[in-house]
Number of protein chains: 2
Amino acid sequence: MKPHNDTLLRALLRQPTEYTPVWLMRQAGRYMAEYNATRKRAGSFLGLAKSPAFATEVTMQPIDRFPLDAAILFSDILTVPDAMGLGLYFAEGEGPKFERPVRTEADVARLTAPDPGAELRYVTDAVREIRRALAGRVPLIGFSGSPFTLACYMVEGGGSDDFRLIKTMMYARPDLLHAILRVNAKAVADYLNAQIEAGAQAVMIFDTWGGALADGAYQAFSLAYMRQVVAQLKRERDGERVPSIVFTKGGGLWLEGIADTGCDAVGVDWTVNLGRARAQIGNRCALQGNLDPMALFAPADVIRSQAAQVLDAFGPPRNADGTWAGHVFNLGHGISQFTPPENVAILVDAVHSHSRTLRT
Amino acid sequence: MKPHNDTLLRALLRQPTEYTPVWLMRQAGRYMAEYNATRKRAGSFLGLAKSPAFATEVTMQPIDRFPLDAAILFSDILTVPDAMGLGLYFAEGEGPKFERPVRTEADVARLTAPDPGAELRYVTDAVREIRRALAGRVPLIGFSGSPFTLACYMVEGGGSDDFRLIKTMMYARPDLLHAILRVNAKAVADYLNAQIEAGAQAVMIFDTWGGALADGAYQAFSLAYMRQVVAQLKRERDGERVPSIVFTKGGGLWLEGIADTGCDAVGVDWTVNLGRARAQIGNRCALQGNLDPMALFAPADVIRSQAAQVLDAFGPPRNADGTWAGHVFNLGHGISQFTPPENVAILVDAVHSHSRTLRT
């Protein structure tokens, strides 16, 4: 069933829209007092992410507060490797860690793609519960980390600033890394398809760390496996197209390759010129992005002018031949936890109102 | 006086060379036991960087150990704001900090470009002493942080992972940031010219953080001020050209703009395809880069093949019209402190020998 407001889905499929739809990466998060209150009740971040009831509650908070055009499943990016048995935990103030990182041939041989209906049931349950809570107001986006991004955490055992362990594996034992990525690609495809089955109306692949790779390595170790994922995705559910979005942070030099994965939309960060990106791949894909999240620390008039600059850089919603180009407004990365929430309201209003003026 | 081995200078000026010259960003550093021993004797990092004798000693260490084609002045990237009176210090295990960051209108009004002959005398003394120690073996590269990169540290008061303070200033009070950048551009130009006067035979501007800016903001807040610096640089000393290199980490989308600064060479990180970069700007500039520093953790044969891949991506040293293109081999970022030094020897040999085969 189509949501009452399906502007996001139409933009992703390059169909006519009355205005540019907007949602924000990490829109349910620490910048909202409501979120922090729920998290406190949940006891821990994983307690929050693994409870369908709490996940639904926080997914709905930004939808209730701002006129956003999409909800995105609240979940952790590392649910899949956690379901593989690697033992996800959060050390206080340190970010995610794995008890059993994947480093040796034996570690790799043990890896299998989890059954999303079993180990990841809490996620598909959350999708179903969020769909009920949304009651058709806006579409729900499901998501997963990319095969390479998941592998970064799996091999490093947590975050990294130089990716020394995974890159050492990549250069010294590419066969091992490819074996991990094959498992991850199957796991991510299964996981996203399970989210689609459960009710996700669009899906997004977050390739947070692909941009740390060298040209050549990116294509072989990140892009190739995202292509495998996209090729396996269910394209329709209940007769409705389920669009897919691929986002490589720092991937502005590789937009053609990303468009060639077969995705419906390409996410871009703020280093990308949207007009140039549209000229490169706008005939094949919609674009999603790309305001610098730090622009939300500016005064209201600057937030409005920065939002207009992003919309104007993309340009008129129709191409010269009269067909529609697709643009979904977003930040170029997750919203900062320090963002004043009232500035999000200003941004959403600015995107809606300025983009309407581009259609007159 | 030309150095005995002036291959680097010829490559930067797109003149004929017998092989591709190579040096490594941060080649004098913690991966070398010799460096760690000198640092221990110096007592602290700043004690090392501010002593011309110690700076000379560590600058020479990689030159004595590996057949590199250039030396680079050992110094800290924050000497200039330190000389402005901001109080540089290093908190144990935390990276550089400033006692008096620049955040208010009054802070900005107090800023002036330091006199490189006074507050930065220890740097020009080091340049002179290193030139004597080199005795013409290879050229000496001087360097500075870019105006924007220096401003990041000055405003944030240290490193940052989101640049919230400087970006808030940029969006909310662009006039203040422009005022800082005007002072920094003059300071950097004066500083590099003092290094040239003292004997630096090439200079490099490190724009480590320009890649954190949005398209549009990069051009206005980083590139424009590097252009001012390059325009003020002395182009000759004692009848010899002094080439300049501009490197924006993460700047692969903006290579045309960087080439337009008037620099002789553009540094690129490993996300850039060197062949594509050459097609874009190779008729105006030499290129410097761009092996992933993590490739130095691979076995010897992989280091050799990765080096060959970078050289092959750049392509034949001559253009179709017979003129010479310029390539200086380097990493795409500083060498890791964990690098096995023997792998540097393998890399330098691989670059020299493979690039000779491209000339036969």
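Taking the 0 to 90 degree range and rounding to the nearest ten, how far is the long axis of helix B:33-42 tilted relative to the main principal axis of chain B, both from C-alpha atoms?
Orientation of helix B:33-42: about 30 degrees from the principal axis.
First select every other residue whose beta carbon is under 10 angstrom from the beta carbon of A:VAL80; then total the charges, Lys and Arg +1, Asp and Glu -1.
Working: positive: none; negative: A:ASP76, A:ASP82, A:GLU119, A:ASP190.
Its environment carries a net charge of -4.
Calculate the length of the line joining the C-alpha centroid of the range A:54-77 to that of the range B:1-19, in whole Å.
59 Å
Suppose we keep just the DSSP beta bridges with both residues in the range A:18-263; what percent of those would be antiparallel, to 5?
Percent antiparallel among DSSP bridges in the range A:18-263 is about 35.
At a 10 Å Cβ-Cβ cut-off, how would you order A:ASP6, B:ASP175, fewest neighbours first?
Ranking A:ASP6, B:ASP175 by Cβ neighbours within 10 Å, fewest first, gives B:ASP175, A:ASP6.
So, in Å, what gap is there between the alpha-carbon centers of the range B:304-321 and the range A:94-169?
Between the Cα centre of the range B:304-321 and that of the range A:94-169, the gap is 38 Å.
Could you run the Karplus curve 6.51 cos²θ - 1.76 cosθ + 1.60 with θ = phi - 60° over the range A:173-181 and give me ³J(HN,Hα) per residue in whole Hz, x for Gly and Pro?
9, x, 4, 5, 5, 4, 5, 4, 5
What 222 nm value per residue comes from the helices of chain B, counting each DSSP H run with n ≥ 4 as -39,500 (n - 2.57) and dividing by all residues, nearest 500 deg cm²/dmol?
-13000 deg cm²/dmol
Relative to the first principal axis of the alpha-carbon coordinates of chain B, what is the inclination of helix B:52-65, with its axis defined by its Cα atoms, in degrees from 0 to 90 and to the nearest 10?
That works out to roughly 20 degrees.
What is the average number of partner chain Cβ atoms found within 10 Å of a Cβ in A:151-163? Intermediate values should be presented prior to the final figure.
On the way: counts 0, 0, 0, 0, 0, 0, 0, 0, 0, 0, 1, 6, 2.
Mean inter-chain Cβ contacts per residue within 10 Å come to 1.
Hey, which lysines would be in cross-link range of B:LYS234, C-alpha to C-alpha under 22 Å, not counting anything within fewer than 8 residues on its own chain?
B:LYS2, B:LYS186
Under the rule a/c < 1.5 gives rounded, and otherwise a/b versus b/c splits prolate from oblate, where does the range A:159-276 land using the Cα gyration tensor?
oblate
Determine the distance separating the Cα centre of the range B:200-238 from the Cα centre of the range A:245-274; give it in Å without decimals.
28 Å
Test of the criteria: in the range B:96-166, which GluC sites (Glu not before Pro) are in a DSSP loop and have at most 14 other Cβ atoms within 10 angstrom of their Cβ?
Here the sparse-neighbourhood loop sites are B:GLU99.
Using only Cα atoms, tell me the angle between helix A:300-314 and the longest principal axis of chain A; keep it within 0 to 90° and round to the nearest 10.
Its long axis makes an angle of about 80 degrees.
Pop out the ³J(HN,Hα) list for the range B:98-103 in order, Karplus 6.51 cos²θ - 1.76 cosθ + 1.60 with θ = phi - 60°, rounded to Hz; leave Gly and Pro as x.
Karplus values, whole Hz, x for Gly and Pro: 10, 5, 10, x, 9, 10.
For the protein assembly as shown, give the share of DSSP beta bridges that are antiparallel, in percent and rounded to the nearest 5; count only bridges with both residues there.
Antiparallel bridges: around 25 percent, rounded to the nearest 5.
Have a look at B:GLU57, B:GLU197, B:GLU240 and tell me which one the Gaussian network model of chain B (Cα, springs below 10 Å) gives the largest fluctuation.
Highest fluctuation among the options: B:GLU240.
Under 5 Å between amide hydrogens, which residues at least 5 positions from B:ASP292 or on another chain qualify, with H placed 1.01 Å from N in the peptide plane?
Hits under the 5 Å cutoff: B:GLY332.
Rounded if a/c is under 1.5, else prolate if a/b is larger than b/c, else oblate: which is the range B:1-110, with a ≥ b ≥ c the root eigenvalues of its Cα gyration tensor?
Oblate.
What are the ³J(HN,Hα) values, in whole Hz, obtained from phi via the Karplus relation 6.51 cos²θ - 1.76 cosθ + 1.60 with θ = phi - 60°, for each residue of the range B:339-355 in sequence order, with x given for Gly and Pro?
Couplings: 5, x, x, 5, 6, 5, 4, 5, 4, 4, 5, 4, 5, 5, 6, 5, 5 Hz.
Using amide H atoms built 1.01 Å from N in the peptide plane, name the residues 5+ places from A:TRP324, or on other chains, whose amide H lies under 5 Å from its own.
A:ASN319
Under 17 Å between alpha carbons, and skipping anything fewer than 8 positions from A:LYS40 in its own chain: which lysines qualify?
Output for A:LYS40: A:LYS50.
Which aspartates and glutamates have a Cα lying under 12 Å from the Cα of A:LYS249, excluding residues fewer than 8 positions away in the same chain?
A:ASP207, A:ASP269
Please compute the contact order of chain A in relative form: average sequence separation of alpha-carbon pairs under 8 Å and at least six residues apart, divided by the residue count, as a percent.
RCO, chain A: 21 percent.
Take peptide B:336-342, look around each residue's Cβ out to 10 angstrom, count Cβ atoms belonging to other protein chains, and average those counts. Working shown, then result.
Values: counts 3, 1, 3, 1, 0, 0, 0.
Per residue, the average neighbour count from other chains is 1.
So if the hydrodynamic radius of the range A:18-263 is defined as the Kirkwood radius over C-alpha pairs, what does Stokes-Einstein give as its diffusion coefficient at 10 °C and 1.306 mPa s, in µm² per second?
The diffusion coefficient I find is 86 µm²/s.
Dipole size in debye (nearest 20) for chain A around its Cα centre, Lys and Arg Cβ +1, Asp and Glu Cβ -1?
420 debye
Taking amide H positions as placed 1.01 Å from N in the peptide plane, with prolines and chain starts having none, which residues 5 or more places from A:PHE74, or on another chain, fall under 5 Å of its amide H?
Hits under the 5 Å cutoff: A:THR59.
Values in this text are rule-based calculations from the coordinates and carry no lab data. Model, not experiment: these values are computed from the prediction. No Cβ is skipped: glycine too gets one built from the backbone with ideal geometry, and neighbour counts run over all protein chains shown.
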